[in-house]
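The values are calculated or read from the model by the stated rules, or taken from the named source; none is laboratory data. Note that the coordinates shown come from a computational prediction; the quantities given were computed from them, not determined experimentally. Cβ coordinates were reconstructed from backbone atoms using ideal geometry, including for glycine residues, and neighbour counts include every protein chain displayed. All accessible areas refer to the heavy atoms of the entire protein, side chains included, with ligands and DNA or RNA removed. Shrake-Rupley method; radii C 1.70, N 1.55, O 1.52, S 1.80 Å.
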Amino acid sequence: MLDRAKIGTRCREDWENMLGDARARFCGRCQKMVYNLSAMSAAEAEAILGKSEEAPPCIRFFRMSDGRVRTTDRVLPRAALTAGLVAAALVAMNAPQPPPLNLPIAVAVSVPEPLVQPAPVTLAGEGADRIGEIAGAIPEVAAPPVAPAPVAPAPVIHPEEAWMGDYVE
């Protein structure tokens, strides 16, 4: 029943503005309790969905990438992978280390050659005294303005999306 949970009418109220805790909050607009199934165990969430009331409960949950509703006792696939990697790293850190090798170390040092400064260039001959006139005759041209390339907004990736609204069987 839990993994087939559906929302009839999706609620657009802000969960953060409701009064309560991580498991249940009161919605002032519809005057109902909103139950966060993802902050409960699977058994507790099933019990909320199985309640026989006049009106269906208003629920909030996160659906994992494998389609299941996330609960506190269901580990996310990515979190399970991370936990496995952390465990492997801890085991590797506690594994006995081989003794250090006492090998001589050779260091090669290279000393750069001194830089040779080029000789200054002097202009001589016909036209050497008119360099200033020639340079002054070249008009300055301003570079055309370059508009910055438009930057597309980065796509927002939601591995899990929160769903909130009235439960439908």
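A few points about this structure:
- Considering the range 36-66, and only residues there that are closer than 14 Å to Met1 by Cβ and open to solvent by 30 Å² or more (accessible area, probe 1.4 Å), the residue that is farthest from the chain's Cα centre (by Cα) turns out to be Ser52.
- For the range 15-32, the set of residues classified as over 11 Å from Arg60 (Cα atoms) and of a type outside the set (Phe, Trp, Tyr) consists of Glu16, Asn17, Met18, Leu19, Gly20, Asp21, Cys27, Gly28, Arg29, Cys30, Gln31, Lys32, listed by residue number.
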